[in-house]
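Report on the following structure.
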Amino acid sequence: MESESSSADELHDGFFSRRRADGFESFLKKKSVDRISSLPDTVLVHILSFLPTKDAIKTTVLSKKWQFLWTLVPTLHFYDPKLLRNGDIHSFVNFIDQTLILHNAPKITKFRLELDYYAVFKSRVNLWVRFAVRREVEELDLDLLGAKVIEEFYGKPYKLPINFCMCSTVTKLSLRYCRFTYRNRTICWKSIKSLSLGYMQLTDALIRDILLGTPVLEVLELRECSGLNRLDINSERLNRLGIYGYGDFCKSDSDLVISAPKLRSLGIYGLFRRKCRLVNVKSLDDATLKFKLLDGHGNRDNSDKGYCKIMEELLLSLISVKNLTIATWCIQVSSILEVVIKHLPLLLVKCLILVTRFDKWDLPGIKCLLSQSILLEKLLVDMHSPSTSQFSFDKKFIDSYNFDGENYWASQKLVIPCLKNHLKTVEITGFSGGQHAIGFIQFILKNALVLEKMVICAKRAEQPRWMKDSKAKELLEVVQKMLSFRRASASAEILFSW
C-alpha cells in the first residue's frame, strides 16, 4: 500500500510538475511575442516621431518591418552631442544630407536643427531649410549656436534665405544665431502664431516689418537680442510677449521702450544692460518681472534712488494687472523703496506671485508689495529658485538701514489692507524652514482676517535616506509649531504636503 501510495504521489507530482513546466513555456512564448511590431505602421511612425532622428533610424535593425518606417516620420530632430563634443561636425553634416535624401514623408510637422554653424556650411543649411519648406513644415527650429562665438573665428551668423521669408505653412518658428539682411525685408509669414528670436541683431524697422508680416502672431519671444530702441505692438492678436535678457553693450544709457496697448501678458526675464520702459500696456492682465538690471546699466549714477525710480516706474505701468510675478532683484529694490522712500504706487493685483528665498533683504520688499496690493486675494510664494539675481546693496546702505531679520515680522505693527478684507489663499512651495519664512507664516495667520486656506509644500531634494529622515523629523517639529500659531480667521485651514 505504501508503494502504491508513493507511486501515486510521484505520478501526481510529476503530472503537476509537467503542467507547471508547460504553463511556464507557454508563458514565455506569450512574453516573447513582439506586440509592438504588430501595431499598425501609422502608430509606429507616431511613436518614432518622439525620438531624435538618429535614434529613430537605429530601429531599422529590429526587423524588416522597421527598416523603412523612420523615412515616414513627419518630425526631424538633428542633434548629436557626441559628434559635436568630439568636434566631428563634418560627419554630422553628411549624416543630415544622407537622411534627407532617404526621407519620404510627404509633410513635415516639426524640423529642428542644432548645429555649430560655420560659414562653410551655408549652402548645406540652405538646402535643408528649402527641403523643410517644400515639405510644408509647420514647426521650424534653427539653433545655429556656433555663431555666438567671436565672428573673427566663426564668420558671421547664418543668413536666412530670401524665399524662406515668404513661407506660408510655418505656424511656429524659432531662430537662434541667425540674421536677416536688407533683402529679407519682404516678410510674409501669414500662418505663424508663435515666433521666438534669439541672439540676433535686430532693428526697430526690422521688427516692425516682422510684426506687419505675421498677421496671426499670438506669441513673441526675444532672447538676448540687441539693436532695438523701441518695440511697438499694435496687433489685435498678439497677446503674449516675453523678453529674456537684452545684450546691447553699446546703448546701456538708453531705454528699451515697449508700447503694446492690446497686449495681455508680458514677461521680462534674465539679465539686462538697458532699462525697459513701458509706456502703454493698459490691457495687461498678467505680468512677470524676473530680471536683474546689471550694475551701472540703465541707471546713470548707479544710485539706490535711481534703481528705486526704475522699479517705481515699472509698477506704475503695471498698476492694473490682475496677476503679477516678482522675483528676487525686484523684491530687493522694493525693499529700498520701503525703508528709504516709503512710497510705492498702489497695485490692483488679485494674485501676487513672489519668487523669494526669504533672505533678510527680501523682507521689507515683501511687506511693501503686500501693503500696496490692496485688493490681493491670492498670494503664491515660490521658494524653489536659488537667489542668484541679487541686488548689490551698498555697504553704506546696509550699515545705515540695518534691521533684525529674525524678528522682522513680529515687529510689524501697521495693518496691511489686503489682510483685513481680501486675502483668502496663501500657497508656499519649496518650503524648507528658516526663521524668516516661519515668521512670515505666523504674521499672515495672525493678521489675515478672511483667510480660508494656507497650503505649504515642503521642498524635495535628492538626499541619502538618513538625511531625508532627519529632515522629515525637523519639518514635523516646524509643522507642529506652526499649527499652534494664533489664527485671525476662524475658518482658516493649514495644509502641508511633503
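The values are calculated or read from the model by the stated rules, or taken from the named source; none is laboratory data. Please read these numbers as outputs of a predicted model, since none were measured by experiment. Ideal geometry is used to build each Cβ from the backbone, glycine not excepted, and the neighbour counts take in all protein chains shown. Protein only, heavy atoms only, side chains kept; ligands, DNA and RNA dropped before computing areas. Shrake-Rupley method; radii C 1.70, N 1.55, O 1.52, S 1.80 Å.
Among the listed pairs LYS378/LYS420; LYS367/LYS424; LYS396/LYS446; LYS275/LYS378; LYS107/LYS156, those with a Cα-Cα distance over 23 Å are LYS396/LYS446; LYS275/LYS378; LYS107/LYS156. With each label modelled as a point 7 angstrom along the Cα→C-beta vector, the SER91-ARG460 pair spans 3.9 nm.
Checking the Cα-Cα distances for LYS290/LYS481; LYS282/LYS309; LYS65/LYS193 against a 26 Å cut-off, the pairs over it are LYS290/LYS481; LYS65/LYS193. Each residue of the stretch 43-59 is assigned a 3J(HN,Hα), and the resulting list reads 5, 5, 5, 5, 4, 5, 5, 8, 9, x, 4, 4, 6, 4, 5, 4, 6 Hz, derived from the Karplus form 6.51 cos²θ - 1.76 cosθ + 1.60 (θ = phi - 60°), x at Gly and Pro.
For the stretch 344-497, a/c is not less than 1.5, where a ≥ b ≥ c are the root eigenvalues of the C-alpha gyration tensor, and a/b does not top b/c. That puts it in the oblate class. Close amide H partners of LEU231, meaning residues 5 or more places away or on another chain with modelled amide H under 5 Å apart, are VAL257, ILE258, SER259.
In this Cβ point-charge picture (+1 for Lys and Arg, -1 for Asp and Glu), the stretch 344-497 has a dipole of about 260 debye about its Cα centre. Surface composition of the stretch 344-497: carbon and sulfur make up 52 percent of the accessible area, probe 1.4 Å.
Site pair ASP55 and LEU145 shows an inter-label distance of 1.7 nm when each label is modelled 7 Å from Cα along Cα→Cβ.
If a/c stays under 1.5 just call it rounded; otherwise compare a/b with b/c (prolate if a/b is bigger, oblate if not). Do that for the stretch 88-234, with a ≥ b ≥ c from the square roots of the Cα gyration tensor eigenvalues.
Oblate is the answer for the stretch 88-234, as a/c is 1.5 or above yet b/c matches or exceeds a/b.
Compared with the direct C-alpha span, the chain from GLU477 to SER303 gains 58.3 nm at full extension, assuming 0.36 nm per residue. For the stretch 344-497, the solvent-accessible area works out to 51 Å² per residue, with a probe of 1.4 Å and every protein chain left in place.
Could you list which residues have their amide H under 5 Å from that of SER373, counting only those 5 or more apart in sequence or on another chain, with H placed in the peptide plane? Sorted by chain and number, the residues that satisfy this are LEU347.
Each peptide in 491-497, 375-381, 282-288 was scored by the mean count of other Cβ atoms within 10 Å over its residues; highest first, the order is 375-381, 282-288, 491-497.
For the peptides 60-68, 112-120, the ranking by mean Cβ contacts within 10 Å, running from highest to lowest, is 112-120, 60-68. Each peptide in 268-276, 405-413 gets a packing score, the mean of other Cβ atoms within 10 Å over its residues, and the list from highest to lowest is 268-276, 405-413. Shown in residue order for the stretch 490-498 are the 3J(HN,Hα) couplings computed by the Karplus curve 6.51 cos²θ - 1.76 cosθ + 1.60 at θ = phi - 60°: 5, 9, 6, 10, 10, 10, 10, 9, 10 Hz (x for Gly and Pro).
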